[in-house]
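Heads up: the structure comes next, in structure tokens.
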Amino acid sequence: MALTLKELSKKEELFVSGHRLCAGCGAATTFRQIMLGIEDPVVMSVATGCLYVATATYPYTAWKCNWIHSAFENSAATICGVEAAYQSLKRQGKVNKTIKFIAVGGDGGTYDIGLQALSGALERRHRFLYICYNNEAYMNTGIQRSGATPLGASTTTSPAGAASFGKNVFRKDLTAIVAAHNIPYVAQTTPAHWRDLITKIQKALAIDGPSFINILSPCHRGWRSEMKDSMKLARLALDTCYWPLYEIEDGRYHLNYTPKEKKPLTEWLKPQGRFKHLFSKPEYQTIIDKLQSEVDNEWYSLLKKCSKTDVSQ
């Protein structure tokens, strides 16, 4: 695995400059790293969303690979058809080279309207990697709340105001939902941890079956944060245990990062304008407390799972 910066700097870039993603966009950093981790020829299916609109609007593209634009809800179904055709051609002796298959969707197209296609693809055991670049809302269409949006976040469809404190329910745990399909490989990561991200991409692509990686991808437009703070927020997501780095290999949980000192969630919330209202009224302290409690419960639950199944312990 080419995991040193020196080795990576010598690889051909498959996701190139000139695209229209925002400065400071987490997805841009994420997919540059992802494409550096790919060794074999690859076919990608990318759902409608920020990544498609800003990188592959005809006749321009930032991708140097086989690439398909899918509808918002069916990226997984699209890649399954391509992978099934490839397997058929291999059986017929018409193709003999190794090709990898990747489906991509944002959190809206994965947590919500693409969940049925994803679940079906996993259940049928197609050999492909699904990547969710999770910026926690429907950013491309106007920053509407999604199933990945945290409790209390203000969006255009869950606005904070006199009658509301923002989204009134907790986010969905999609990584756990995918893990319940009992597929060989499931993981979480962030673009602020390039070695972890690229290692997991390479692991996932080596799997003989379906794999899934959920990548927290900061969006300064939707998070109402500074452009320069995207990677800082990704790191804070780990240090507050809001977004743990872990993987599940054949049902075994492995924790990839433990903060030296677990920071309070408020350090991750305060730099984001979508949460600023929670700090403007004393009565909203209960929402912050609920968020902290949920993060703590999920973190300690994960620690228990890892201690029971991590063979290194």
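Every number here is computed from the coordinates shown, using simple stated rules; none is lab data. All figures in this text were calculated on a predicted structure; none of them were measured in a lab. Note that we place each Cβ from the backbone using ideal geometry, even for glycine, and neighbour counts take in every protein chain shown.
Sort 45, 301 by Cβ crowding within 10 Å, fewest neighbours at the top.
301, 45
Given a 10 angstrom Cα cut-off, can you work out which residue in 89, 14, 302 is the most mobile in a GNM of the chain?
89
Restricting attention to the range 57-122, which trypsin sites (Lys or Arg not before Pro) occupy a DSSP loop and are surrounded by at most 13 other Cβ atoms within 10 Å?
Sites meeting the loop and neighbour criteria: 64, 94, 97.
Just want the ordering: 258, 149, from fewest to most Cβ atoms lying within 10 Å of their own Cβ.
258, 149
Students often get this wrong: which residues of the range 40-56 have the backbone nitrogen under 20 Å from the point 7 angstrom along Cα-to-C-beta of residue 89?
Residues 40-46 fall inside that zone.
Taking the Cα atoms only, what angle lies between the long axis of helix 26-36 and the longest principal axis of the chain, rounded to 10 degrees?
30
Which of 306, 65 has the fewest other C-beta atoms within 10 Å, and how do the rest follow up to the most?
The order, fewest Cβ neighbours first, is 65, 306.
Using a Gaussian network for the chain with springs between C-alpha atoms less than 10 Å apart, which of these wobbles most: 116, 33, 92?
92
Calculate, in nm to one decimal, what residue 260 and residue 4 gain on full extension: separation in residues at 0.36 nm each, minus their alpha carbon distance.
89.7 nm
What's the FRET efficiency of residue 276 with residue 16 using the Cβ-Cβ distance as r and R₀ = 45 Å, to the nearest 0.05?
Efficiency at R0 = 45 Å is approximately 0.80.
What FRET efficiency comes out for residue 207 versus residue 144 if R0 is 45 angstrom and r is the Cβ-Cβ distance? Round to the nearest 0.05.
Efficiency, rounded to the nearest 0.05: 0.85.
Of the candidates 222, 49, 93, which one comes out as most mobile in a Gaussian network treatment of the chain with C-alpha springs shorter than 10 Å?
Result: 93 has the largest fluctuation of those listed.
Evaluate E = 1/(1 + (r/R0)^6) for residue 58 and residue 99, where r is the Cβ-Cβ distance and R0 equals 22 Å; express this FRET efficiency to the nearest 0.05.
0.35
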